[in-house]
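Read through the structure below, which is laid out as C-alpha cells, and then see the notes.
Each value in this text was obtained by applying a stated rule to the coordinates, not by laboratory testing. Predicted model, so just to flag it, every value in this text is computed and none were measured. Reconstructed Cβ throughout: ideal geometry from the backbone, glycine too, with neighbour counts over all protein chains shown.
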Amino acid sequence: MAQTKTQAESYLASLLGKTLRVTTTDTRMFLGQFKCTDSDQNIILSQTFEYRLPPPPKEPGTTTQDLTSRYLGLVVVPGEYITKVEVEAFESQLSREERERFGVGSGKKENERVGGSEGEGCALG
C-alpha cells in the first residue's frame with residue numbers, strides 16, 4: 001500500500017506519544033514512548049525499557065529462557081538495525097474506525113505493525 005508524503009506524515013504524527021516495541025537485528029526489544037524519527041529511520045523513544053534474550057544454555061536439554069530487562073530512559077534506536085516496529089495499543093485507546101479496521105474485540109490487547117515488509121521503516125524519505 002503506497003502512501004503519499006502527506007499521508008505518511010499524518011500517520012507518523014498519529015503515533016507520537018504512543019508506546020512502540022522496536023526490535024533490532026541483535027534480537028533486543030525496546031519498549032518506549034515514540035518521540036520522533038528522521039530521514040535515516042532512526043527512532044527516538046522515551047521512558048524506554050530494553051529486553052534481551054539470555055545467552056543459550058550451556059547444558060543440553062535446558063529450555064529456560066527468561067527475558068532480562070533494564071530501564072534506559074531516552075534512547076535513539078539506529079534505523080539500520082531496526083527489524084520490526086509495533087504499536088502497542090489497547091481497545092480503549094483506539095478510535096472507532098481503528099477498532100473496525102483491525103477487527104478488535106472487547107478487552108483484547110492489539111498490536112499494529114508499522115510500515116510494510118520486515119525491515120522497512122516508517123520514516124519519511
If the chain between Asp66 and Gln33 were fully extended at 0.36 nm per residue, the gain over the current Cα-Cα distance would be 9.5 nm
For Tyr81 and Leu16, extending 7 Å from Cα along the Cα-Cβ vector and measuring point to point gives, in nm, a value of 2.7 nm
Simple spin-label estimate for Asp26/Thr6, 7 Å along Cα→Cβ, in nm, reads 4.2 nm
